[in-house]
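The values are calculated or read from the model by the stated rules, or taken from the named source; none is laboratory data. Given the structure is predicted, the values throughout are model-derived calculations rather than measurements. All Cβ positions, glycine included, derive from the backbone under ideal geometry; neighbour counts span all protein chains shown.
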Amino acid sequence: MARPREFNTQEALGQALEVFWTKGYEAASVCDLMAAMGLSKSSLYDSFGSKHELFLKVIDCYVDASSAGYKLVLAGEGSGRRAIEEMFAAIVEAAAGDEGRRGCFVANCAVELSGADEQTSRRVAAFFKQFEEAIEAAVRRGQDQGNISADQDATALALFLVSNINGIRVMAKVDPDPGALRDIARIALQALD
């Protein structure tokens, strides 16, 4: 008879996230994961499969949590422009903080593995597409409300904004200077005019 799991799966995935986020996929060893998660090798493999399967589960959990956060900010009845401005402000604040040098976990995955790992590539692409669509909906709402220029193509503008958000996160990994990051955001937001 199999022994019941004696750990919280969500907590274990959160601990694995910290390892992958800090070290990256390739540099994170199974020993690192076992130590962080407090699991034996057999428990890790029995519960999560391979290191790669664990990594994909961690990406999925991160994407679910992150998507809920940005959807909350971008969706709604209020000003589309204000929602986008709030999104940029939150990203700049996070990027300029102590965790800013870690970057965005999904963007880090894109840089490290997207060309080499099809399953990671699909997840990263889906996340960026969902993010782009949420921003596009806010752009269209702002255009309908008259606080975002209707002269801009909403899809192209959303893609431009997502690219700038990722640029802010990458820049923060090198130099999380809040003033410089705010300048990037301010100039990017001028595209809404």
Within segment 105-135, considering residues that are part of a helix (DSSP H, G or I) and charged (D, E, K, R), the one farthest from W21 (Cα to Cα):
E133
Any residue in segment 136-151 that is of a type in the set (S, T, N, Q), assigned to a helix (DSSP H, G or I), within 24 Å of G14 (Cβ to Cβ) and touching a residue at least 24 places away in the same chain (Cβ under 8 Å)?
no
Scanning segment 90-104 for residues that are touching a Pro at 6+ places or on another chain (Cβ under 7 Å) and at pLDDT below 90 gives G100, R101
All conditions in (1) under 22 Å from A137 (Cα atoms); (2) touching a helix residue (DSSP H, G or I) at 6+ places or on another chain (Cβ under 7 Å); (3) modelled with pLDDT of 90 or more are true of Y70 except (3)
Going by what's in this entry, would A107 be described as buried (at least 17 other Cβ atoms within 10 Å of the Cβ) and within 21 Å of V174 (Cβ to Cβ)?
yes
Considering only residues that are under 17 Å from R82 (Cα atoms) and charged (D, E, K, R), look in segment 148-189 and name the one that is surrounded by the most Cβ atoms within 10 Å (Cβ to Cβ).
R182
Quick one: count up the residues across segment 33-66 that are within 22 Å of the chain's Cα centre (by Cα) and polar (S, T, N, Q).
1
Within the group D144, D175, which residue is farther than 23 Å from E77 by Cα and among the charged types (D, E, K, R)?
D175
For M87, only one of the following conditions fails: (1) part of a helix (DSSP H, G or I); (2) out of contact with any Asp or Glu (no Cβ under 7 Å at 6 or more places or on another chain); (3) over 20 Å from Q130 (Cα atoms). What is its number?
(3)
Take the residues in segment 75-104 that are surrounded by fewer than 16 Cβ atoms within 10 Å (Cβ to Cβ) and of a type in the set (A, V, I, L, M, F, W, C); name whichever of them is farthest from R122 (Cα to Cα).
A89
